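Scroll down for the structure; my scribbles are underneath it.
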Amino acid sequence: MPIVDEKTTMMARRFESICGILERFRHDSSKLIPILQAIQEEYRYLPAEVLTYVATSLGLPPAQVFGVASFYAHFALEPKGKYVIRLCDGTACHVKNSIPILEAIRERLGLNEEKKTTPDMLFTVETVSCLGACGLAPVMLINETVHGQVTPQQAVQMIEDILAKEEEKL
């Protein structure tokens, strides 16, 4: 009787879920972007082995699927935290001191330019060129919630509030 380890079981569940997504889109290769969006919504990123599986299942070259996934900034090829913090560093936000906010967030979470996600997978910090809310500069997005006219102290307090909420769940 074969021994099935935890990683194998987890991979089987992952592909089972992906099969469900592919079935929902009727294995239609013209729906590649919505398929990738659904997979990312479930896993918070697009693992390489999943992209290969999707390519094979849709009858597409893996390079084409990887090309689409890497072309669009919306898609992530690395795991992201439960809370994705996107700080705008476009012109309006930069002029209104977005960099000190980024520095305060990174310092609080022990992150830097290369290390964007906390080891506990709770937070990912990214900068973006524009969030389209220049009148609220500097602007920060936590998952899908927009926060305008943010100060470094407010940004750190939002992180503390999230951490307190997560502690309550334990």
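The values are calculated or read from the model by the stated rules, or taken from the named source; none is laboratory data. Keep in mind that what you see is a predicted model, and the values were worked out from it rather than measured. Positions of Cβ are generated from backbone atoms using ideal geometry, with glycine treated the same way; all protein chains shown enter the neighbour counts.
Tabulated data
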{"quantity": "Residues (assigned to a loop (DSSP other than H, G, I, E, B) and over 17 Å from the mean Cα position of the chain (by Cα)) located in segment 131-143", "calculated": "Gly132, Ala133, Ala137, Pro138, Val139"}
{"quantity": "Checking Thr124 against (1) in contact (Cβ under 8 Å) with a residue 40 or more places away in the chain; (2) in contact with a strand residue (DSSP E or B) (Cβ under 6 Å, 6 or more places away or on another chain); (3) in a helix (DSSP H, G or I), the condition it does not meet", "calculated": "(3)"}
{"quantity": "Restricting segment 50-106 to residues that are aromatic (Phe, Trp, Tyr) and without any contact (Cβ under 8 Å) to a residue 40 or more places away in the chain, the residue that is nearest to Leu163 (Cα to Cα)", "calculated": "Phe75"}
{"quantity": "Test: residue in segment 108-117 that is over 27 Å from Ile35 (Cβ atoms) and assigned to a helix (DSSP H, G or I)", "calculated": "yes"}
{"quantity": "Residue that is surrounded by 19 or more Cβ atoms within 10 Å (Cβ to Cβ), assigned to a strand (DSSP E or B) and among the hydrophobic types (A, V, I, L, M, F, W, C), where the choices are Leu51, Leu102, Leu87", "calculated": "Leu87"}
{"quantity": "Residue that is surrounded by the fewest Cβ atoms within 10 Å (Cβ to Cβ), among those in segment 146-155 that are within 20 Å of the chain's Cα centre (by Cα) and either not in a helix (DSSP H, G or I) or not small (Gly, Ala, Ser) (or both)", "calculated": "Val146"}
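Residue by residue, here is whether (1) in contact with a Cys (Cβ under 6 Å, 6 or more places away or on another chain); (2) at pLDDT 95 or above; (3) within 22 Å of Pro79 (Cβ to Cβ); (4) of a type in the set (S, T, N, Q) holds:
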| position | (1), (2), (3), (4) |
| --- | --- |
| Thr118 | no, yes, yes, yes |
| Thr151 | no, yes, no, yes |
| Ala155 | no, yes, no, no |
| Leu163 | no, yes, yes, no |
